[in-house]
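Worksheet: one structure, shown below.
The values are calculated or read from the model by the stated rules, or taken from the named source; none is laboratory data. Here the structure is a predicted model, which means the values were calculated and not measured. Ideal geometry is used to build each Cβ from the backbone, glycine not excepted, and the neighbour counts take in all protein chains shown.
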Amino acid sequence: MKTPKTIIALLLAATGLLAAPAWGAQAIEIKIDAEKTGPVINKNIYGQFAEHLGHGVYEGMWVGPHSKTPNTKGWRNDVLGALKALKVPLVRWPGGCFADEYHWRDGIGPRGQRPVRVNTSWGGVEEPNAVGTHEFFELAELLGADTYVNGNLGSGTVQEMAEWLEYMTSDSKSSLAELRRKNGRNKPFKVDFFAIGNEAWGCGGNMTPAHYTNLFNQYALFLKAPKAHRPALIVSGGYDADTKWSEHLAANIKDIDGVKIEGISYHYYTLPTGDWTVKGAALGFNETDWINTLNRTLHIEELININVAAMDKSDPKRKFGLLLDEWGTWYDVEKGTNASFLYQQSSLRDAVVAALNFNIFHAHADRVRMTNIAQMVNVLQAMILTNKDKMILTPTYHAFQMYIPFQDATALGMEVLNNTQYTLEKVSIPSVSASAARAKDGKVYLAVVNTNPNKAEEIDLSLVGKNIAGVKGQLLTAKVMDAHNTFAQPRTIEPVAYSEKAKAGKMTLTVPAKSVLVVAIE
Ligand code: AHR
């Protein structure tokens with residue numbers, strides 16, 4: 001006799017909602033080997049990026065201490081609460097392109113007396129400098145996050161950069177350290193990472209790899225922070241399929257006694273069309289746009305592979321990390337908004353994009369030790385969107401929240417067997433992407449993405465040498481591909497509880513179409 005569940009499965013298969021394996025085809029199987037441990041998935045893979053761009057910092061996060069909007073030290077309480085719940089491990093600031101026009105002295109001292117500048121990178125709007133060094137570190141301390149400060153190589157000087165670092169980190173009685181104290185901060189700030197420039201090949205100065213390398217070696221020599229407060233340095237690297245930056249930098253960056261170089265940065269954005277003039281819409285897209293977007297985001301794995309291979313030529317022991325400090329979707333801006341503010345909606349598709357990227361980053365965690373999604377609030381693939389006093393959490397936020405157990409977890413051996421392809425027209429991508437790790441709480445976690453918007457998948461799950469009693473976790477999916485939250489309907493898409501028990505020693509997961517699933521294995 002058929003159980004009700006079998007009947008439902010047959011109905012789903014008949015309607016195309018559940019992928020029934022064709023006759024003779026084997027079910028998709030995920031096999032985890034918890035004895036085969038891989039690298040630690042650095043928590044900073046879940047890093048964020050907050051640039052002085054549009055309403056990313058001002059309005060989106062910073063309202064000032066005298067605002068009617070409830071705030072702590074000028075930072076909005078609602079956004080702070082949401083970001084704390086996300087366990088943001090790291091924040092990169094102040095840019096991006098903005099970093100190479102930012103002069104740190106503009107952002108210290110009494111706020112009312114700070115100069116107003118023009119943000120020439122992002123719309124020529126006024127930059128009030130209300131958020132400066134002290135405010136940024138207060139934000140990081142409120143979030144309990146590590147800090148990544150991006151220095152100005154493009155339009156600054158080596159002296160200006162060295163003095164910023166002295167201001168932030170000196171515990172001496174030097175005039176700069178005393179100025180910091182006068183401005184309200186006695187002990188040095190905790191600068192975890194410091195980058196010398198950003199996109200030196202473009203908005204950071206139109207340089208060649210060789211020119212940038214010489215400048216990096218020169219600047220790094222003069223960034224003399226006291227040992228106890230010395231940040232790890234970040235080398236600004238390449239983008240897309242151009243590997244000459246990774247290759248040249250890995251071979252020519254000089255070691256400096258006592259200075260850690262965390263790695264070489266790299267940027268890749270996912271555009272549905274792959275065309276910067278017409279990128280594609282954030283919402284209201286069709287299935288061709290869906291598969292093209294996922295296909296382009298999956299391409300990051302090949303880009304990581306070629307960049308790692310380029311770095312391996314001179315750094316086979318993998319001293320330098322490949323740090324993807326800008327990634328995510330980049331769509332045509334929302335109609336009616338300032339085109340320079342890069343404001344876009346985020347849908348279920350973005351959550352799937354984020355999860356596919358996480359699974360790839362985990363698989364390359366030996367080199368990929370940091371990533372920073374662009375960006376945290378109101379800009380590009382944001383976690384949070386704000387409108388005056390209102391705030392919504394995006395599906396991307398939910399994907400980050402579901403993957404929290406993977407922060408500092410140990411990657412585990414895992415195979416996806418009999419994976420099928422999801423195909424539309426000429427594009428074909430794997431239906432299932434997965435990643436497994438042992439988290440700091442001791443449990444084994446599994447993340448699964450079903451890329452197919454039309455078919456659920458039944459997946460057999462096994463743990464080598466162990467019986468699985470069941471799984472428990474969270475599932476993110478929706479009826480439509482562009483499901484999203486709005487200020488009027490802020491909870492249209494959010495994760496739901498998911499659990500399954502093993503039956504007769506067999507553990508089967510039903511993973512709905514177009515979904516992200518993260519479970520702990522019991
Ligand atoms: O994230 C937006 C911009 O994209 C950054 O400022 C820049 O580094 C990149 O080109």
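Yes/no per residue for (1) out of contact with any helix residue (DSSP H, G or I) (no Cβ under 8 Å at 6 or more places or on another chain); (2) modelled with pLDDT of 95 or more; (3) assigned to a loop (DSSP other than H, G, I, E, B):
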residue	(1), (2), (3)
A411	no, yes, no
G442	yes, yes, yes
A447	no, yes, no
D482	no, yes, yes
T486	yes, yes, yes
P490	yes, yes, yes
I493	no, yes, yes
A513	yes, yes, yes
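If I filter region 191-228 down to residues being β-branched (V, I, T) and not in a loop (DSSP other than H, G, I, E, B), which single residue comes out as nearest to the ligand (Cβ to nearest atom)? The qualifying residue nearest to the ligand (Cβ to nearest atom) is I196. Counting the residues of region 227-277 that are out of contact with any Lys or Arg (no Cβ under 6 Å at 6 or more places or on another chain), more than 24 Å from A365 (Cβ to Cβ) and of a type in the set (A, V, I, L, M) gives 2. So which residues in region 174-190 are of a type in the set (D, E, K, R), in a loop (DSSP other than H, G, I, E, B) and either crowded, with 17+ Cβ neighbours inside 10 Å or more than 26 Å from the chain's Cα centre (by Cα) (or both)? Correct list: R185, K187. Checking G204 against (1) surrounded by fewer than 23 Cβ atoms within 10 Å (Cβ to Cβ); (2) out of contact with any Phe, Trp or Tyr (no Cβ under 7 Å at 6 or more places or on another chain); (3) among the small types (G, A, S); (4) at pLDDT 95 or above, only one condition comes out false. Which one? Failing condition for G204: (1).
Residues in region 142-177 that are in contact with an Asp or Glu (Cβ under 8 Å, 6 or more places away or on another chain) and of a type in the set (A, V, I, L, M, F, W, C): how many? Total satisfying the criteria: 3. A single member of S314, S347 is modelled with pLDDT of 95 or more and either out of contact with any helix residue (DSSP H, G or I) (no Cβ under 9 Å at 6 or more places or on another chain) or surrounded by 23 or more Cβ atoms within 10 Å (Cβ to Cβ) (or both), and it is S347.
Taken together, N338, N295, N307, N357 contain a single residue that is surrounded by 24 or more Cβ atoms within 10 Å (Cβ to Cβ) and more than 14 Å from the chain's Cα centre (by Cα), which is N307. Looking at region 35-72 only, could you name the residues that are more than 16 Å from the ligand (Cβ to nearest atom), closer than 27 Å to T371 by Cβ and assigned to a loop (DSSP other than H, G, I, E, B)? Result: I41, N42, E59.
Identify, please: which residue in region 253-280 is surrounded by fewer than 18 Cβ atoms within 10 Å (Cβ to Cβ) and closer than 30 Å to M481 by Cβ and is, among those, nearest to the ligand (Cβ to nearest atom)? Out of the qualifying residues, it is W276.
Matching residues to (1) within 16 Å of the ligand (Cβ to nearest atom); (2) farther than 28 Å from M207 by Cβ; (3) among the polar types (S, T, N, Q):
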residue: P94; (1), (2), (3): yes, no, no
residue: C97; (1), (2), (3): yes, no, no
residue: E101; (1), (2), (3): yes, no, no
residue: G107; (1), (2), (3): no, no, no
residue: R111; (1), (2), (3): no, yes, no
residue: P128; (1), (2), (3): no, yes, no
residue: L153; (1), (2), (3): yes, no, no
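Can you tell me which residue in region 227-243 is farthest from D171 (Cα to Cα), limited to those that are out of contact with any helix residue (DSSP H, G or I) (no Cβ under 6 Å at 6 or more places or on another chain) and surrounded by fewer than 21 Cβ atoms within 10 Å (Cβ to Cβ)? Applying the filter and picking the extreme gives A241.
Number of residues in region 49-100 that are under 24 Å from F193 (Cβ atoms) and surrounded by fewer than 17 Cβ atoms within 10 Å (Cβ to Cβ): the value is 4.
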